[in-house]
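A.B. asks: Mind looking over this structure? Questions follow.
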Amino acid sequence: MELSRRDALAALSAAGVGSLAGCAAPAATDDAGDRPDGDEMGRPGSSPVGDHELETLVAVAEVVYPSAVSGVGDFVRTYTGGRVDGDDDYAGGVAEAVAILDDYATEFYGGEYATRSREDRAEALDYMSVDVVNPEPDGTDAQRVRHYLVNELLYALYTSPTGASLAGLENPPGHPGGTESYQEGPEE
Amino acid sequence: MNDGADRTPSPRADVCIVGAGPAGATIAAELSAAGYGVVVLDAGPRFDPVDRVEQMERHLRPGVDGTVWDTDPERDAYSSSGERYYPLNVARVKGIGGSTLHWQAMVMRMHEQDFELASATGMADDWPLDYEDLRPYYADAEEELSVSGASDNPFAPPRDQPHPLPAFPPSYSDSLFADACEAVGLTTHSVPNARNSESTNEASACVGYGTCNPVCPSGAKYDATRHIDAAEATGARVVDRAPVQRLEHDAAGDRVTAAVYATPDGSKHRQAAREFVVAAGGVETPRLLLLSRSERYPNGLANSSGVVGRYFMDHLFAGMGGTLDEPTRQKHVGFNTTESHQFYDRPDDSRTAIKLEFLNYAGPAPTDIALTADSFGDDLLAEIRDGYGQHVAMGALVEQLPRKENRIRLDPSRTDDHGNPVPDVVWGLDDTTRRTVERANEIQRAVLEQMGVDIGWTVGPDNTGPAYHHMGTTRMGTDPAESVVDPQLRTHDLANLTLAGSSVFVTGGAMNPTLTIAALSLKAADHVAERL
């Protein structure tokens, strides 16, 4: 199932970015790429979230997202571009979490996280116990990776119509998908 | 802390209203539109509607700091010393709009029997007014709250005109219950909702965010800020973060003279007015009266009867749910579309009222599972598919009878951020209420078993909890020895003091109380205007 830019914008809406509540869906702004002081992804020039951090987020997404979705790279870049825009605390947390992952991957797998195989990347999250810790922005290394990288990406996917549709819910909580779908039965 | 707002008293006010929830806001809008000078004081902040999507994120995503509506543990400190713990701070919102900011927005008229319960069944007490007295105000309240509803409820009391907006159609999930309900003889019908099924001049139609409780980002769900906005548009003054510390009265004890309130800069002020309305909810309204004790009223203002704070009631939740072997399409919206009031009226004194609900939001959403899962990738998706999608559930509100021992009192051992004793919620269940919770469970089980549901959970008499409807603590009546306010909601003791809200309910029925709060408030506003 192809993730779209619209999915990323819907997820941004659910993440409280670009509040246009009350307007028709999707409720996120669509101008993240049009900022004169940012790059094509809407990232301010001084943001700690640069290409390397985006590559790492995509690499994490490829592990935590199901194989049934495609378009992960564009989805993650669009979502993250909007998410970090104007939120320096969050951007800094992402950058630190990426550094944590890189340090771990370099020590145990011989290179930065995004350069490792999918199997190594999955194993690294497992060995760091990212799968079993509670997310905590100021917590342990694993808790920060869970909070800033893994849960952020999972939140983005499963609050988007395409992501939640994988489980049969095309209008997930947080997405202003109208009042028709609740009346409709499942697809045959 | 200084945000630049002017929180000094108004030099001339006809009416001072304490509390900017649905009762206070409705009265403020009515009286301000009629040309009276109105000042509203509220303990909580004015929330910016622009922040509501961020507030929704706080609700949806565990691990994000802060409560959705900024509960302040020092400002909102409380005790709970009764037989049952009462989680007060998840039951209310302090701020402009009050608890309608997080409510479910279900708005039913109470039944004729609710107002004459003692006469009809021998239980509890009659109200000093009847359904016909409130009937025109119910109609006005439905207009004020832009209620979406249909006249398809055979158990509802008589009405004269359709609801302002059409009802939300039933859900796919509702359709799964239909055959089973018919088989067990349970008649269902639509749900009146204070959320827009169509756009109006005031708000857009619901866009299906699905997070109604605790926050509606679109504004399609009514909250009392609509009436605050209306009041301010006609000249009312609304002061936030101005907790009233006490009410002062004249030497004779016949009239309230001022509301003494604090402001964030540490100052205290006195707001004088000709009429005062306390509309601070079923906990803070009696607390303020108790805090305002004086030589003339040593047991608390307007408390010659001794029943201020007594007869605290809530509705009990009874529920049951499980899974079917088919998709049930939950979590698309955050509100319900089908109910049954068939078991509402009481046949005798064997049970109290039951309002049955069919939930459209049973079980977890995919995000709920994903963010707490210990698997990733395809394994996680499998876990989500297994956990989401086949749940169904029924809920119910159950009436709790008024008991004198259930009460709000002051806890002298704890103080809030201004040094005032905190409210102590003393709350427990009586046997009739427990029996009625069991009866609700019996009906729910009959329906779910008829459907073939694998029942996974039950909320019954031992694990039930409150529905967060605070009622009864300044009850209405005609006898000053037994009640606090008269049928005009004016206190027996002080001629210019009105108490508005569900604290004046004599009995609580099992309907969500806000439509009745609004109807009573419109009536009270008429009486205040007559006196001005």
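The values are calculated or read from the model by the stated rules, or taken from the named source; none is laboratory data. Since the structure is predicted, the reported quantities are computational estimates derived from the model, not experimental observations. Methodologically, a virtual Cβ is constructed for each residue, glycine included, from the backbone with ideal geometry; neighbour enumeration extends over all protein chains shown. To get the accessible areas, we keep the full protein, side chains included, count just its heavy atoms, and leave off ligands, DNA and RNA. Shrake-Rupley method; radii C 1.70, N 1.55, O 1.52, S 1.80 Å.
A.B. asks: What does the charge count around residue B:154 come to, taking other residues whose C-beta lies under 15 Å from its C-beta (Lys +1, Arg +1, Asp -1, Glu -1)?
C.D. replies: Working: positive: B:109, B:159, B:355; negative: B:112, B:152, B:182, B:339, B:345.
Net of charged neighbours comes to -2.
A.B. asks: Right, something else. Over the Cα atoms of the range A:47-188, what radius of gyration and what Dmax do you get, in Å?
C.D. replies: Rg and Dmax of the range A:47-188, Cα atoms, are 16.1, 53 Å.
A.B. asks: How large is Rg over Rh for the range B:1-121, taking Rg from the Cα atoms and Rh as the Kirkwood inverse mean of 1/r across Cα pairs?
C.D. replies: On the Cα set of the range B:1-121, Rg over Rh gives 1.04.
A.B. asks: Also, quick follow-up: Hey, with R₀ at 45 Å, roughly what FRET efficiency would residue B:260 and residue B:378 work out to, going by the Cβ-Cβ distance, to 0.05? The partial results should precede the final answer.
C.D. replies: Values: r = 63 Å, r/R0 = 1.41.
The computed FRET efficiency comes out at 0.10.
A.B. asks: Over the Cα atoms of chain B, how large are the radius of gyration and the largest Cα-Cα distance (Dmax), in Å?
C.D. replies: Answer for chain B, Rg first and Dmax second: 22.7, 76 Å.
A.B. asks: Follow-up question, since we're still on this one. Per residue, what volume in Å³ does the Cα convex hull of the range B:316-374 take up?
C.D. replies: 139 Å³
A.B. asks: Ok, one more. Using a simple spin-label model with points 7 Å from Cα along the Cα→Cβ vector, what separation in nm is obtained for residue B:349 and residue B:435?
C.D. replies: Here the modelled spin labels are 1.0 nm apart.
A.B. asks: Please compute the net charge surrounding residue B:368, taking Lys and Arg as +1 and Asp and Glu as -1 over other residues with Cβ under 11 Å from its Cβ. Present the calculation step by step, with values, prior to reporting the outcome.
C.D. replies: Working: positive: B:61, B:331; negative: none.
Cβ neighbours under 11 Å give a net charge of +2.
A.B. asks: Same structure, new question: Using θ = phi - 60° and the Karplus relation 6.51 cos²θ - 1.76 cosθ + 1.60, list the HN-Hα couplings for the range B:305-315 in order, rounded to whole Hz, with x at every Gly or Pro.
C.D. replies: Values, residue by residue: 6, x, 9, 4, x, 7, 6, 4, 10, 9, 8 Hz.
A.B. asks: Projected onto the charge dipole of the protein assembly as shown (+1 at Lys/Arg Cβ, -1 at Asp/Glu Cβ, origin at the Cα centre), which of B:338, B:49, B:81 gives the Cα projection farthest towards the positive end?
C.D. replies: Of the listed residues, the answer is B:81.
A.B. asks: While we're on this one: Taking the range B:348-459 on its own, what percent of its Cα-Cα pair distances exceed 20 Å? List each step's numbers first, then the result.
C.D. replies: Numbers: 3946 of 6216 pairs.
Everything past 20 Å amounts to 63 percent.
A.B. asks: Angle, helix B:131-144 long axis vs. longest principal axis of chain B, Cα atoms, 0 to 90°, nearest 10?
C.D. replies: It is inclined by approximately 80 degrees.
A.B. asks: Something else about it: How large a share of the accessible area of chain B, in percent, is made up of carbon and sulfur atoms when the probe is 1.4 Å and the other protein chains stay in place? Mind showing how you got there, number by number?
C.D. replies: Details: 8260 of 18300 Å².
Roughly 45 percent, rounded to a whole number.
A.B. asks: Per 5 Å bin, what percent of the C-alpha pairs of the range B:209-308 does each bin hold, from zero upward?
C.D. replies: Percent of pairs per bin, in order: 2, 10, 16, 18, 17, 13, 10, 7, 3, 1, 0.
A.B. asks: Sticking with this structure for a sec: So if the hydrodynamic radius of the range B:4-72 is defined as the Kirkwood radius over C-alpha pairs, what does Stokes-Einstein give as its diffusion coefficient at 10 °C and 1.306 mPa s, in µm² per second?
C.D. replies: Result for D is 110 µm²/s.
A.B. asks: Note down the accessible area of residue B:413, probe 1.4 Å, to the nearest 10 Å².
C.D. replies: Counting only protein heavy atoms, the figure is 100 Å².
A.B. asks: A further question follows. What FRET efficiency, computed as 1/(1 + (r/R0)^6) with R0 = 41 Å and r the Cβ-Cβ distance, is obtained for residue A:180 and residue A:119, rounded to the nearest 0.05?
C.D. replies: Once the sixth-power term is evaluated, E becomes 0.45.
A.B. asks: Further question on the same structure: Give me the 1.4 Å probe accessible area per residue for the protein assembly as shown, excluding ligands and nucleic acids, in Å². Could you put the intermediate results ahead of the total?
C.D. replies: Values: 25800 Å² over 720 residues.
Accessible surface, normalised per residue, equals 36 Å².
A.B. asks: May I pose another question? What is the P(r) of the range B:146-271, as percent of Cα-Cα pairs per 5 Å bin from 0?
C.D. replies: Result, from short to long distances: 2, 8, 11, 12, 12, 12, 9, 9, 9, 7, 5, 3, 1, 0 percent.
A.B. asks: Counting Lys and Arg as +1 and Asp and Glu as -1, what is the net charge of the other residues whose Cβ lies under 13 Å from the Cβ of residue B:249?
C.D. replies: 0
A.B. asks: Roughly how many debye, to the nearest 20, is the charge dipole of the protein assembly as shown about its Cα centre, given +1 on each Lys and Arg Cβ, -1 on each Asp and Glu Cβ, and no other charges?
C.D. replies: With Lys and Arg at +1 and Asp and Glu at -1, about 2740 debye.
A.B. asks: Based only on Cα atoms, what Rg/Rh ratio does the range B:102-204 have, Rh being taken as Kirkwood's radius?
C.D. replies: Working: Rg = 16.0 Å, Rh = 15.6 Å.
Radius of gyration over Kirkwood radius for the range B:102-204 works out to 1.03.
A.B. asks: Could you state how much accessible area is buried at the B-A interface, both sides summed, with a 1.4 Å probe, in Å² to the nearest 100?
C.D. replies: Values: alone 20300 and 9480 Å², together 25800 Å².
By this definition, chains B and A bury close to 4000 Å².
A.B. asks: Another question, then. Using a Debye calculation, one point per C-alpha and no hydration shell, please list log10 I(q)/I(0) for the range B:373-523 at q = 0.13 Å⁻¹ in order.
C.D. replies: Those come out to -0.82, one per q.
A.B. asks: Need one number: convex hull volume per residue for the range B:124-168, Cα atoms only, in Å³. Before the final figure, lay out each step's value.
C.D. replies: Details: hull volume 4.6 nm³, N = 45.
Dividing the Cα hull volume of the range B:124-168 by its residue count gives 102 Å³.
A.B. asks: While we're here: So what does log10 I(q)/I(0) come out to for the protein assembly as shown at q = 0.06, 0.10 Å⁻¹, using the Debye formula with one equal point on every Cα and no solvent?
C.D. replies: Each listed q maps to, in turn, -0.38, -1.00.
A.B. asks: Something else now. Give, rounded to the nearest 20 debye, the magnitude of the charge dipole that chain B has about its Cα centre when Lys and Arg contribute +1 at Cβ and Asp and Glu contribute -1 at Cβ.
C.D. replies: For chain B, the charge dipole is close to 1320 debye.
A.B. asks: In what sequence, largest accessible area first, do B:468, A:182, B:85, A:148 appear using a 1.4 Å probe?
C.D. replies: The residues order as B:85, B:468, A:148, A:182, largest area first.
A.B. asks: Dipole of the range B:481-532, Cα-centred, from +1 at each Lys and Arg C-beta and -1 at each Asp and Glu C-beta, to the nearest 20 debye?
C.D. replies: Roughly 120 debye, rounded to the nearest 20.
A.B. asks: Label-point separation (nm) for residue B:446 and residue B:325, each offset 7 Å from Cα along Cα-to-Cβ?
C.D. replies: Taking the simple label geometry, residue B:446 and residue B:325 are separated by 2.6 nm.
A.B. asks: Roughly how far apart, in whole Å, are the Cα centres of the range B:257-316 and the range A:112-176?
C.D. replies: Computed from Cα coordinates, the inter-centre distance equals 50 Å.
A.B. asks: Take the alpha-carbon positions of the range B:423-474, form their convex hull, and give its projected area averaged over all directions (one quarter of the hull surface) in nm².
C.D. replies: The number I arrive at for the range B:423-474 is 4.9 nm².
A.B. asks: Another question about this same structure. Two decimals is fine: what's Rg over Rh for the range B:138-190, C-alpha atoms, Kirkwood radius as Rh?
C.D. replies: Expressed as Rg/Rh, it is 1.06.
A.B. asks: So what's the projected area for the range B:93-162, the Cα convex hull averaged over all directions, in nm²? Walk me through the numbers before you get to the answer.
C.D. replies: Working: hull surface 25.4 nm².
Approximately 6.3 nm², given one-decimal rounding.
A.B. asks: May I pose another question? How far apart, in nanometres, would the label points at residue B:463 and residue B:5 be if each is projected 7 angstrom from Cα along the Cα-to-Cβ direction?
C.D. replies: Modelled inter-label distance: 4.1 nm.
A.B. asks: Would you mind getting me the FRET efficiency between residue B:532 and residue B:479? Use the beta-carbon distance for r and R0 = 35 Å, nearest 0.05. Spell out each step's value before the answer.
C.D. replies: Working: r = 27 Å, r/R0 = 0.77.
Computed FRET efficiency for residue B:532 and residue B:479 comes out at 0.85.
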